[in-house]
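Rule-based calculations on the coordinates, nothing more; no lab input. Source: prediction; values computed, not measured. Using ideal geometry, Cβ is built from the backbone for each residue, glycine included, and neighbour counts are taken over all protein chains shown.
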């Protein structure tokens, strides 16, 4: 029998044990290949959303590759530890360390080749499905399946190098072990070790400080805290699993009435050993799970912004004409013609906006005429206003400002024209994007508007007013491409900082909305796929650790059966051992994520003034359900292995 045949038969004999490792490897390869298919797609050679897709998936591939390298290294180490007795026997029978390393290398390459081939096959089979999702997300007319050698070559090259690296690193651990150590196996002694009370308190203290800081984050300290809280939480997590949890268990053991109760003695004593030995693994699982939660949760929070976008941008097209704009009529006709060519119904509401100074605050204010405003309100299906002479109505620029303006009472005079105004209410809806009008904007009676006949201090009459063209298009997301020439002129002006040739402002919120929605949905799609690999790997870490100590657990199970324990009592012991291993890291990851989302809410409040509570609850609930299903699956397999002894 050659070494290749021996390695092949070893893989077949341990195929059931390698199941989780193989599944996680196949999923990693499949996701990597699907991203490669997106990256090299011919349609994405153009600029725009395609560039975002390529860059996002390229970054995801790098992250996925690095994480898979770490994951495969850890899992192979676990399997080699579990097979240490087998290796000890082979070495005792005369196999040299070089031959043993060669056999392990062949086994790894066989697994790697099968995983890579299966992952590429599944990836290509499901590529059409993922292309359909991508087409809907990016709102493309078509995203056809294609056949090219580049995705195949990139995936094969990346994972071939990855498995070779892991093979060389893994066999290095075997070379350093003596035959006696190998024959003794992984579990040599049952001891919990010692834990430091100082480090135990420090672990809990660091976590409490990190959580407290996360709840106290403000918009002025959020960026500073981003460099303080994660290190505190990471150090606290490591100390919690290596010291704090064992100190707590020792305190429980001191309470004899609690510790010596029925099967609790066996389950807690054994859990102490396993929790101490698995401390680093729990730390890794917690960090990996937290990263997965935060990745998907953060990207899902962007969908809140797309939902809030329409409310903040009720107008379909915006054209603002400033002084000395000879192209005003030409541009309005151009926009109207392009809307008609697309077969879109529309309505135009022109508004003349005058600028004055408020005597009460000393700030500039934008003044709108009630009759013109009502024309726009009617087009948008909103209620009209009827201010009395000398009365004004605030125009809110956001939901939060509307609530604040509703309780604000102002008695002022427009300094330049001497028009007195009493303002005690705000319009109940956001009608204009906050960057297109002054934050201090007021609707006044037609008579008061006509009385404003003096220019803003320091400006000419032409500079003290502008015309605001508000377009209402019911099918507002279908305005893609409308006014592209105007948008390009504006972009050039912003890039060169030369606004001499641009006497207008143009915006197409419908097109912006489609871009935002597609971009955020695409990033969420990328993040979910990567998080899926992270979560599968996190669960596999626990499975590998269980498998490493399976032989010891079988002996313990058989001994408890001989001592007379019933099946119900044994299952209770198994549950008490498995639940902490699965849900202790998970619970801590959920806590990390919840407090991180509290800080993220502060960021969103600063930029978009929206709540991400709903998205966060959905993400965390979905991950919790996945973990429960995974727990019952692993529990079933673990109990099956124990009872097979």
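Provide 501, 75 in ascending order of the number of other Cβ atoms located within 10 Å of each residue's Cβ, fewest first.
501, 75
Apply the a/c threshold of 1.5 to the C-alpha gyration tensor of segment 297-410 and tell me whether it is rounded, prolate or oblate. All intermediate terms of the calculation are to be shown ahead of the outcome.
Working: a/c = 1.79, a/b = 1.13, b/c = 1.58.
Oblate, since a/c reaches 1.5 and b/c is not below a/b.
Taking every DSSP beta bridge with both residues inside segment 314-509, roughly what % is antiparallel (nearest 5)?
Restricted to segment 314-509, the bridges split so that about 80 percent are antiparallel.
For segment 303-355, count all C-alpha to C-alpha pairs, find those more than 11 Å apart, and express that count as a whole percent of the total.
The share of Cα pairs beyond 11 Å in segment 303-355 comes to 77 percent.
Using the Kirkwood radius built from alpha carbon pairs, what does the Stokes-Einstein equation give as D for segment 372-421 at 4 °C and 1.567 mPa s, in µm² per second?
This corresponds to a translational diffusion coefficient of 102 µm²/s.
What's the center-to-center distance, using Cα atoms, between segment 424-498 and segment 107-133 in Å?
Spelled out, the Cα-based centre of one part sits 54 Å from the other.
So what's segment 314-509 giving for Cα Rg divided by 2.2 N^0.38 Å, two decimals?
For segment 314-509, the normalised Cα radius of gyration is 1.05.
Cut-off is 10 Å between beta-carbons; in what order do 164, 229 appear when sorted fewest neighbours first? Spell out each step's value before the answer.
Numbers: 164 14, 229 22.
In increasing order of surrounding Cβ atoms, one gets 164, 229.
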